[in-house]
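Notes follow the structure.
Every read-out reported here was derived from the displayed coordinates using simple, explicitly stated rules and does not represent laboratory data. None of the values given here were measured: they were computed from a predicted structure. Ideal geometry is used to build each Cβ from the backbone, glycine not excepted, and the neighbour counts take in all protein chains shown.
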Amino acid sequence: MVTTHVPTVGARVEESVNNAMGLEKHPYQDLERGDKMEKYKIVSFIPQPSELQYPWVVRNIDPSSVDFVVAPQGLSDEQVCELVSDCNMIIASPVMPYLNEKILETANKLERVQFASVGYDKIDLTAADNLGIPVSNNAGINAITVAEHTLMMMLVLQRKGFLMHEEVIKGSWPVCKPGDLWELCGRTVGILGLGAIGTELAKLVRPFGVQILYNKMNRLSFADENRLGVEYRQLADLIKESDILSIHVPLNPETRHIIGAKEIESMKPGAILINTARKDVMDEEAAARALASGKLYGVGVDVPKTCDERAVELKTLFEGYNSIITSHTASASSQLMERFCDRLSTFVYRAQKGEPPLYPVNNAGRTTRFKETSNAAKKHELEQAIINAGLDKSAISKFFKNEPSEKRVYRQ
C-alpha cells in the first residue's frame, strides 16, 4: 500500500486533495522500518575509497540519516547478496558483479539501482522489472569527454601519429608515401548510435568539412538531421560508405558484436574503425586481423578485453600497427568528475526522498516517472479548483510546500 502525506489545512482542502488525486483518506504515518526510524542504507560499487564518495553522497541530505557502504572489489554472488540484503539503494558501476535475479530477490528492501555510468549492462533488467525495482543510468554525463576522445583518435590515426612517434624515438625517420597520411576534411564519418555521445561527436567533426552519416534505432526528424548536418543510413550502408566508423551504442543482446568479422570485411579498404563504447560491441580480434592485413588503415579501442578474456595478447594484436588503445579513459576528465559529483548528490537526494529517477532505463523506472507527471497534472487542476472555490491561497501554498512524494514501498 502506498501512503501519501496529505497535511491538514482544513477539512475541505484535505477532502478535495484526496478526491482529486484518488488517495485513500487516512492519517499520515511517518515512514518507519521496524519500531524505530532506520537509516537509509546505500551500497556503492564505485571503485573509489569511501572518504572520496561520502561527502558527495550526503551533500544534499542529513548525514545521520544514511548508512553508506562501499563494496570491496572481487565479491562473489553470495557476498553481494549478503551485502545488499538490507540496503535501500545500490549505486552501480561497470566494474561490479552482475546483479542477477537471485541478488535482486535477496535485496528485498531495495528501492532503486542507480548506475553511476551511462552503461547499465551489469543488471538483469527483466528481473528488476518483475520485482518492481526502478533502474536508472547517468545519461549524457560523459558525452563531451568521450566525443573529444574519439575525435582525438580520428585525428591521430589519420596522421599515423603514434606509429610515427614510435619510429622517430627509435632513431628511424619514416618517409611518407602517397596515401600514407590523410586529412579529415572531405572524409565520410559514420556514427553508429546517435545518442548523447554520438550527437556531441557530430557537432565536433562538422567544422572539419566532413560528410556525417549515422544510424540509430529511431531515426531523427528531418529538422534535427538538418540542424546537426547528418544523413541517415541503414546499418549495412553506413558500414560500407564510411571512411571512419565510430561506434557509440550501448551493450545489449542486439548490439553484441554488432561490428564483427563480416561487417569489417564489408568496410571500405583503408577505413578506420573506432570503438569507445563497450568492448563487446566490436570483435576486437577481427579488427586486429583486418588491421594487420591492410584491410583497415587504423583501429582505435578505448576498452580492450582483459588478459583473462583474450586468447591472444594485446601486444601481439596491435603492436607495430596504426592503432590507439586506451584504458577506458575516454570518459575521464576533471570537468566530468565535477559533473559526476553534482549528479551523484542529486541522485541520492531524490532516491531518499522517494522521488522518481531522472534517467530510467527499465519499465519500473519509467512508470515511476509517469506517475509523477500524472500527479503533477492533477495538482495543477486541483490548485485551480481550490482557487475557484474561493479558499485561502496561503493554505494552497502550504499544502504544496509540505507535501512529500509517494512513500517507499517495501517488497515482502
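By how many nm would the segment from Ala332 to Ser172 lengthen if fully extended, with 0.36 nm per residue of separation less the alpha-carbon distance? Walk me through the numbers before you get to the answer.
Details: separation 160, 0.36 × 160 = 57.60 nm, distance 3.34 nm.
So the extension gain works out to 54.3 nm.
Give me, ordered by chain and number, the residues 5 or more places off Arg112 or on other chains with an amide H under 5 Å from its own placed amide H.
It is Ile90, by chain and number.
Pull out the extension gain between Ala292 and Arg256, defined as 0.36 nm times the separation in residues minus the alpha carbon to alpha carbon distance; nm, one decimal. Provide the component values of the computation, followed by the final result.
Values: separation 36, 0.36 × 36 = 12.96 nm, distance 2.32 nm.
In short, 10.6 nm is gained.
For the range 228-296, what is the relative contact order in percent, using Cα pairs closer than 8 Å and at least 6 residues apart in sequence?
Details: 87 pairs, mean separation 25.1, N = 69.
The normalised contact order for the range 228-296 reaches 36 percent.
Under 12 Å from a label point 7 Å along Cα→Cβ of Asn100: give me every residue in the range 296-315 with its amide N that close.
Those under the cut-off are none; the list is empty.
Going highest first, how would you order 133-139, 74-80 by mean Cβ packing within 10 Å? Spell out each step's value before the answer.
Values: 133-139: 22.7, 74-80: 13.1.
My ranking of the peptides, most packed first, is 133-139, 74-80.
Ordered by residue, what ³J(HN,Hα) values in Hz, to whole numbers, does the range 149-157 give under the Karplus form 6.51 cos²θ - 1.76 cosθ + 1.60, where θ = phi - 60° and Gly and Pro are x?
Computed from phi, the couplings for the range 149-157 are 4, 5, 4, 4, 4, 4, 5, 5, 5 Hz.
Please sort by residue number the chymotrypsin sites (Phe, Trp or Tyr not before Pro) in the range 43-101 whose DSSP state is loop and whose Cβ has at most 12 other Cβ atoms within 10 Å.
Numbers: sites: Phe45, Trp56, Phe68, Tyr98; in loops: Phe45, Tyr98.
The qualifying sites are Tyr98.
Short version: ³J(HN,Hα) in whole Hz for each residue of the range 194-206, in order, from phi by Karplus 6.51 cos²θ - 1.76 cosθ + 1.60 (θ = phi - 60°), x for Gly and Pro, what are they?
9, x, 4, 5, x, 5, 4, 5, 4, 5, 6, 8, 4
How would you classify the range 31-105 from its alpha-carbon gyration tensor, with a ≥ b ≥ c the square roots of the eigenvalues: rounded for a/c under 1.5, else prolate if a/b is greater than b/c, otherwise oblate?
On the way: a/c = 2.49, a/b = 1.22, b/c = 2.04.
It comes out oblate by the Cα gyration axes.
Give me the one-decimal nm value for the distance between modelled label points at Thr367 and Phe222, 7 Å along each residue's Cα-to-Cβ direction.
4.0
From the phi angles alone, apply the Karplus equation (6.51, -1.76, 1.60; θ = phi - 60°) to the range 41-46 and give each ³J(HN,Hα) in whole Hz, x where the residue is Gly or Pro.
8, 10, 10, 9, 9, 6
Suppose every Lys and Arg Cβ carries +1 and every Asp and Glu Cβ carries -1, with no other charges. What dipole size does the range 143-325 come out with about its Cα centre, to the nearest 20 debye? Can you show the working numbers first?
On the way: 22 positive and 24 negative charges, 52 e Å.
Dipole magnitude for the range 143-325 comes out near 240 debye.
Defining a contact as two alpha carbons under 8 Å apart and six or more residues distant in sequence, what relative contact order in percent does the range 143-325 show? Each step should come with its number before you reach the end.
Numbers: 318 pairs, mean separation 38.4, N = 183.
RCO, the range 143-325: 21 percent.
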